[in-house]
Every structure is written in C-alpha cells, then in structure tokens.
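Each remark here refers to the structure printed beneath this line.
Just so it is clear, none of the values below were taken in a lab; they were calculated from the coordinates. Because the structure is predicted, anything quoted here is derived from the model rather than measured. For neighbour counting, all protein chains shown are included, and Cβ atoms are generated from backbone atoms with ideal geometry for every residue, glycine included.
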Amino acid sequence: MADFLEEKRREIEARMEELRPHVDEYHRLEAAAKALAGAQAPAAAGRRPLPRRSSGTGRAGRPRGSGTRGNQALEIVRSQPGITIPEIAEKMGIQQNYLYRVLPGLAQDGLVEKQGRGWHPKTAA
C-alpha cells in the first residue's frame, strides 16, 4: 500500500510541475487584465504615479488657439459669417465633432459668436 501512495504522490507532483508555467501565465494575464480595466496590478500597488508637469495655465496640452485648425475655422467664419459647423467641417475636410470643441473655445476667447445655428466673427465693441 505504501508503494501505491508514494507512486500517486510522485504522479501528482510531476503533474503539478507540468502545470506550473500555465498557472504563472494565468496570473500574469490576470494582472494585465486588471491593469487595463483601471485596477492597479498587484506589482504596481506600491508605486506612486509620476507628477505631471504643468504649464501654469491649469490646462493640459498645447495652449488653446495655437492650432492651425482653429485659425483655419476662424478664417472661414470671417469670410462667410453665419456659416454652420457642418459647413465649416465640409470646407476643412474634417469631422464635425472637432469643431464642436474648437468654436466654443474661439467664442470664449472673444473671436467668434454664435447666432442661431451660425457662427459670426465677433465685432469689436
């Protein structure tokens, strides 16, 4: 009976050794899936995120109005007062959703204003 138990113990240990790489891979994949889902992976739990550099404006990325698309949209509005966002997008060959962010920014800067559905250059007061 002791030989039988010893044989089964060796078989179990041998099988466990065969499966170990798969278990390790499973744990790595599980950690990666959690990290991608927004949860911290166990290996990163003790790390602090790097501080962000700030330009002092409170905004991330480049300054508003520094892009050529905003300038291009502004020129189109100046040349065709009352033009709509879909019409501007068509003239520029870009998607409308970008302009739904750009034009309110130009309005906030005092360069354009919305009247109805159309955009007009802001007149100096």
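Along each of its three principal axes, how wide is the spread of alpha-carbon positions in region 68-121, in whole angstrom units, largest first?
24, 18, 17
Using r as the Cβ-Cβ distance of THR123 and ILE94, and R0 as 30 Å, what FRET efficiency do you calculate, to the nearest 0.05?
0.65
What nm value, rounded to one decimal, do you get for the distance between LYS8 and GLU30 when each label is placed 7 Å out toward the C-beta?
Taking the two extended label points, one gets 2.8 nm.
What lysines could a cross-link reach from LYS122, if we take a straight Cα to Cα line under 18 Å and drop same-chain neighbours fewer than 8 places away?
Filter leaves LYS114.
Considering amide H positions built from the backbone, and no H for Pro or chain starts, which residues 5 or more places from ILE83, or on another chain, come under 5 Å of its amide H?
Amide H neighbours of ILE83, under 5 Å, 5+ apart: TRP119.
Mind checking which of MET16, LEU5, ALA32 is farthest towards the positive end of region 2-43's charge dipole, using Cβ charges of +1 (Lys, Arg) and -1 (Asp, Glu) about the Cα centre?
Comparing the listed Cα positions along the dipole, ALA32 ranks first.
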